[in-house]
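Notes follow once the structure below has been shown.
The values are calculated or read from the model by the stated rules, or taken from the named source; none is laboratory data. These figures come from a predicted structure and were not determined experimentally. Quick reminder, even Gly has a Cβ in these numbers, built from the backbone with ideal geometry, and neighbours come from all protein chains shown.
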Amino acid sequence: MATQATTFATVRQAVAGSLLLLWTGCTDLGTGPDPALQAPEPPVSFSQEIFPVFQDHCISCHGLNGDLSLERYEYLMAGTSIHGPVVLPGNGKGSLLVRVLRGEALPVIPRMPLGLPPLDDETIGRIELWIDQGAKNN
C-alpha cells in the first residue's frame, strides 16, 4: 500500500509541475524564454534611422528629379506614378521598397542603390522592421 501512495504522490507532483510550467508560459521546459512572451522591438524612428539612410544612399538619384522621391516622408509614402505605393505599412517583406533593396524585384526593377554597393542586411532589416511597425513618421 505504501508503494501505491508513493507512486500517486510522484504522479501528482509531476502533473502539478507541468501545469505550473504551462500556466507561467514556459513551453520549452527551461531551455529559454518563450519568444511569444518577449517584449516587442522598440519603435524604429524614421527621422533618426530611416531617413539618414535615404540621405546617404538614395537621394542623389531619388531626390525631387526622379519618379520616386525620398526627399520627404510624404513623397515616400505616395510612391511612384508607375508602381504605386512602395511602402505597405505593416508589411515590410511585401513592400516594394524592401524587395528592391534586397534585389527581389528583378527583372522589373534592379537592386538599389543602382551602381553602388547594396545596403547591408542589418540596414535593410531596420527598414523592414520600421515598415512592419506601421511606417510611422516618427
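Some values worked out for this structure:
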| quantity | calculated |
| --- | --- |
| Residue 125 being closer than 19 Å to residue 47 by Cβ, in the same structural domain as residue 66 (by TED's automatic domain parsing), within 11 Å of the chain's Cα centre (by Cα) and part of a loop (DSSP other than H, G, I, E, B) | no |
| Total residues in segment 60-83, condition buried (at least 16 other Cβ atoms within 10 Å of the Cβ) and part of a loop (DSSP other than H, G, I, E, B) | 6 |
| Selection count where residues are buried (at least 17 other Cβ atoms within 10 Å of the Cβ) and touching a residue at least 40 places away in the same chain (Cβ under 8 Å), scope segment 96-122 | 3 |
| Pairs where the first residue, in segment 68-93, is under 21 Å from residue 104 (Cβ atoms) and the second is outside any loop (DSSP other than H, G, I, E, B) and among the β-branched types (Val, Ile, Thr), C-beta under 6 Å, 6+ apart | 68/80; 87/131; 92/98; 92/131 |
| Residue list for segment 123-138, restricted to those being surrounded by fewer than 20 Cβ atoms within 10 Å (Cβ to Cβ) and β-branched (Val, Ile, Thr) | 123, 124 |
| Checklist (1) touching a helix residue (DSSP H, G or I) at 6+ places or on another chain (Cβ under 8 Å); (2) on the phi < 0 side of the Ramachandran plot; (3) assigned to a loop (DSSP other than H, G, I, E, B) applied to residue 90, failing item | (2) |
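Residue-wise test of (1) among the basic types (Lys, Arg); (2) within 16 Å of the chain's Cα centre (by Cα).
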| position | (1), (2) |
| --- | --- |
| 60 | no, no |
| 72 | yes, no |
| 79 | no, no |
| 90 | no, yes |
| 109 | no, no |
